[in-house]
1. State which residue pairs qualify: first residue of a type in the set (Phe, Trp, Tyr) and inside the stretch 30-49, second residue modelled with pLDDT of 85 or more and part of a helix (DSSP H, G or I) in any location, beta carbons under 6 Å apart, and separation of 6 or more residues or different chains.
2. Looking only at the stretch 16-51, how many residues end up being more than 30 Å from Gly5 (Cβ to Cβ), among the aliphatic types (A, V, I, L, M) and touching a strand residue (DSSP E or B) at 6+ places or on another chain (Cβ under 8 Å)?
3. Taking the stretch 7-16 only, how many residues are of a type outside the set (Asp, Glu), exposed (fewer than 13 other Cβ atoms within 10 Å of the Cβ) and in a helix (DSSP H, G or I)?
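The values are calculated or read from the model by the stated rules, or taken from the named source; none is laboratory data. These figures come from a predicted structure and were not determined experimentally. Cβ atoms come from the backbone with ideal geometry, glycine included; neighbour counts cover every protein chain shown.
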Amino acid sequence: MLRHGARFGSTADEGERVAAQWEALVQSSYTMLGEAQCPTTGLTPNWWQPAGPQRPRGRTGCNSSGTDADEFGSEAVSSRWLVVGGK
């Protein structure tokens, strides 16, 4: 955003104002993906509930998706966009 914000209609200082927020999003996304990733295969599950104040360790799970939370499937594939877009 710092390099290309002006091309996409942001204000001149918007990139600098929100750079720290974007960086926090990127870092927390990598943390969550690293936590969810299978050490053997490198795959991530369809659904992951990251660790937080009430849950010291992350776990697989989703209330109403209809897909198995602990399998690599169609919904797990979307996490790859974060990794590809972040590098």
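1. Taking only residues 6 or more apart or on different chains, the pairs are Trp48/Ala36.
2. 1
3. Residues of the stretch 7-16 that are of a type outside the set (Asp, Glu), as a first pass: 7-12, 15.
Among the residues that remain, those that are also exposed (fewer than 13 other Cβ atoms within 10 Å of the Cβ) are: 7-9, 11-12.
Remaining after also requiring in a helix (DSSP H, G or I): 7-8.
So the answer is 2.
Yes/no per residue for (1) of a type in the set (Gly, Ala, Ser); (2) within 18 Å of Ala76 (Cα to Cα):
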residue: Arg7; (1), (2): no, no
residue: Ala12; (1), (2): yes, no
residue: Glu16; (1), (2): no, no
residue: Trp22; (1), (2): no, no
residue: Gln49; (1), (2): no, yes
residue: Arg57; (1), (2): no, no
residue: Ser65; (1), (2): yes, yes
